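Colleague: I have a structure here, written as structure tokens, and I will follow up with some questions on it.
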Amino acid sequence: MSKVWINGKLFDKAEAKISVFDHGLLYGDGVFEGIRIYAGKVFRLREHLDRLYESARHIFLEIPFSREQIAQAVLDTVQANAKQEGYIRLVVTRGPGTLGLDPRKCSEPQVIIIVDDISLYPPDSYEKGLRVITASVIRNHPNALNPRIKSLNYLNNILAKIEAERAGCPEAIMLNHNGEVAECTADNIFLVKHGILRTPHLAAGILEGVTRNLVLELAREAKIPVQETALTRHDVYSADECFLTGTAAEVAPIVECDGRPIGNGKPGPLTRQLRERFQQRVRQTT
Ligand code: PMP
């Protein structure tokens, strides 16, 4: 039986429970991270913890453990589950409170670490590529709920995901309040045009993905020119290649958007190259 860590203790999965009065449940009040385990090692834990603590700081949520304690708890939970390959969900909720929004009435944040498996898209999507639509629902306006916060409220993205599924596609591109390309429902997006790798800048109102940063790093190492910039749907339709990145999705080619084939309608060479470099890097032992 898998083990779940809650506030310092390991519980069997069936016994891992939190209160129905938790504001994480009642209001989506909390933050989280999704992290990968490759070859028995937790990948980029420091970067994920940086983002978790930044998200928490933004919403005035004080995590009742130090970064070192959380890092150790993650490693202990991975070990308790004897996982070599897998996915970690690290969640911090505001904790149990009263039936009103006031977070000051919540007694104690709940820190939860789940270790499990993940598979986002069918395996053949990585060979054939994904078809996407642009969703009619836009990404959260940064002055409403800043997408830099990885919060427990994913309704914005879930609405876009439902639109995609209803259109027969596994994924959607979300635009921002200016009509520019922001990101996918749980992944960042990249284009290739004339050999240049292009991705929306952070000012587009997106989550700063750990995988996005890794892909930018890999591209720079490979001397592939990179542009972080404003992008429009026209840039997507006229791109030579397109792919998305995320901890769960890794690097996945996109071959069609809104019924228009991207490039020749097949995963492109730079996408393949970056996917290979990505696979090598996550399995590097040093
Ligand atoms: N954008 C959104 C909205 C996300 O939820 C995620 C994470 N699933 C990403 C991008 C990708 O971030 P990362 O590479 O850190 O997983």
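The values are calculated or read from the model by the stated rules, or taken from the named source; none is laboratory data. Treat the numbers as computed from the prediction; the structure is a model and nothing was measured. Glycine gets a Cβ as well: all are built from the backbone with ideal geometry, and neighbour counts include every protein chain shown.
Colleague: List the number of the failed condition for ILE158; all other conditions in (1) in the same structural domain as ALA14 (by TED's automatic domain parsing); (2) surrounded by fewer than 15 Cβ atoms within 10 Å (Cβ to Cβ) hold.
Modeller: (1)
Colleague: Please find, among THR185, THR134, THR199, the residue that is surrounded by 15 or more Cβ atoms within 10 Å (Cβ to Cβ) and closer than 30 Å to HIS23 by Cα.
Modeller: THR185
Colleague: Can I ask one more? If you go through the range 244-253 one residue at a time, how many are polar (S, T, N, Q), surrounded by fewer than 24 Cβ atoms within 10 Å (Cβ to Cβ) and in a strand (DSSP E or B)?
Modeller: 0
Colleague: Continuing with this model, one more query. Among the residues of the range 226-233, are any without any contact (Cβ under 8 Å) to a residue 12 or more places away in the chain and under 21 Å from GLN280 (Cα atoms)?
Modeller: Scanning the range 226-233 turns up no residue that is without any contact (Cβ under 8 Å) to a residue 12 or more places away in the chain and under 21 Å from GLN280 (Cα atoms).
Colleague: Answer yes or no as to whether ALA252 is hydrophobic (A, V, I, L, M, F, W, C) and over 21 Å from HIS201 (Cβ atoms).
Modeller: Considered against the rule, which asks whether it is hydrophobic (A, V, I, L, M, F, W, C) and over 21 Å from HIS201 (Cβ atoms), ALA252 comes out as yes.
Colleague: Related question: Are there strands (runs of 3 or more DSSP E) fully within the range 123-215 with at least 1 residues that are within 16 Å of the ligand (Cβ to nearest atom) and of a type in the set (Gly, Ala, Ser)? List them.
Modeller: 171-175, 181-184
Colleague: Under 9 Å between Cβ atoms, at least 6 apart or on separate chains: pull out the pairs that start in the range 175-188 with a residue that is assigned by TED's automatic domain parsing to the domain that holds LEU214 and end on any residue that is aromatic (Phe, Trp, Tyr).
Modeller: Taking only residues 6 or more apart or on different chains, the pairs are THR185/TYR154; ALA186/TYR154.
Colleague: Quick one: TYR237 ticks every box in (1) away from the ligand (no atom under 14 Å from the Cβ); (2) touching a strand residue (DSSP E or B) at 6+ places or on another chain (Cβ under 8 Å); (3) closer than 30 Å to LEU90 by Cβ except a single one, so which number is it?
Modeller: (3)
Colleague: Just the residues that are away from the ligand (no atom under 16 Å from the Cβ) and in contact (Cβ under 8 Å) with a residue 24 or more places away in the chain, please, taken from the range 107-121.
Modeller: Answer for the range 107-121, where residues must be away from the ligand (no atom under 16 Å from the Cβ) and in contact (Cβ under 8 Å) with a residue 24 or more places away in the chain: GLU108, PRO109, GLN110, VAL111, ILE112, ILE113, VAL115.
Colleague: GLU256 - would you say it is of a type outside the set (Phe, Trp, Tyr), farther than 30 Å from PHE32 by Cα and either in a strand (DSSP E or B) or within 16 Å of the ligand (Cβ to nearest atom) (or both)?
Modeller: So GLU256 passes the test.
Colleague: Do the conditions hold for LEU90, that is, is it in contact with a His (Cβ under 9 Å, 6 or more places away or on another chain), outside any loop (DSSP other than H, G, I, E, B) and within 16 Å of the ligand (Cβ to nearest atom)?
Modeller: Against the criterion (in contact with a His (Cβ under 9 Å, 6 or more places away or on another chain), outside any loop (DSSP other than H, G, I, E, B) and within 16 Å of the ligand (Cβ to nearest atom)), LEU90 qualifies.
Colleague: Scan the range 94-106 and tell me whether some residue there is within 16 Å of the ligand (Cβ to nearest atom) and farther than 17 Å from PHE60 by Cβ.
Modeller: no
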